[in-house]
Amino acid sequence: MITFNCIDVPMPDFDPSMERSWIESVAEKYGKRVGELHYYFCSDEALLQINRQRLNHDFYTDIITFPLNECDEILSSEFCISVERIADNAVVLNKTFDSEFQRVMIHGVLHVIGFDDKTESDEKVMREKEDECLKMLIK
């Protein structure tokens, strides 16, 4: 099950059915199944509060991933995503909002699959995986 919810912003304009199919295809590509993936869209300030309260981090970010299980085969997680940060990053990176939105959505899934971006080399691999996944998106 993949759900999309809003905390303090309007629901972004996207096709939930298409996104669900895409996310399930990405999971399958890595030999995983979707358990429960819950996306929560919010403002910068709401995500900053979540970051402070749950992780003791005091900085803005575009996504925070909270895995819900320890199972290697079944992906279950909550993803808190700042729609404002996505919009700002899209401008800075000269991307469309939609492409940055999808990159961030799949970034969280890749974290749950097991990819990280803590080091420069990990970040490079993560970007490559994001690009591969974005190419799988049927538009």
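The values are calculated or read from the model by the stated rules, or taken from the named source; none is laboratory data. A quick note: this is a predicted structure, and the numbers were derived from the prediction, not measured. Here Cβ is always computed from backbone atoms with ideal geometry, including for glycine, and neighbour counts include all displayed protein chains.
The single condition among (1) in contact (Cβ under 8 Å) with a residue 12 or more places away in the chain; (2) small (Gly, Ala, Ser); (3) out of contact with any helix residue (DSSP H, G or I) (no Cβ under 7 Å at 6 or more places or on another chain) that SER43 does not meet is (3).
Of the helices (runs of 4 or more DSSP H) lying entirely inside segment 1-107, the ones with 2 or more residues being touching a Cys at 6+ places or on another chain (Cβ under 7 Å) are found at 44-55. When restricted to residues that are under 19 Å from HIS38 (Cβ atoms) and of a type in the set (Gly, Ala, Ser), segment 97-113 contains 1. Using the structure shown, decide if GLU28 is free of Cβ contacts under 8 Å to residues at least 12 places away in the same chain and within 21 Å of ILE74 (Cβ to Cβ). Spelling it out, GLU28 is indeed free of Cβ contacts under 8 Å to residues at least 12 places away in the same chain and within 21 Å of ILE74 (Cβ to Cβ). Apart from one condition, LYS118 fits all of (1) in a helix (DSSP H, G or I); (2) closer than 18 Å to ASN51 by Cα; (3) not hydroxyl-bearing (Ser, Thr, Tyr); the exception is (1). It is to be established whether one or more residues within segment 57-74 are buried (at least 18 other Cβ atoms within 10 Å of the Cβ) and over 13 Å from the mean Cα position of the chain (by Cα). Within segment 57-74, not a single residue is buried (at least 18 other Cβ atoms within 10 Å of the Cβ) and over 13 Å from the mean Cα position of the chain (by Cα).
Residues of segment 80-128 that are crowded, with 20+ Cβ neighbours inside 10 Å and either charged (D, E, K, R) or modelled with pLDDT under 95 (or both): ARG85, GLU100, ARG103.
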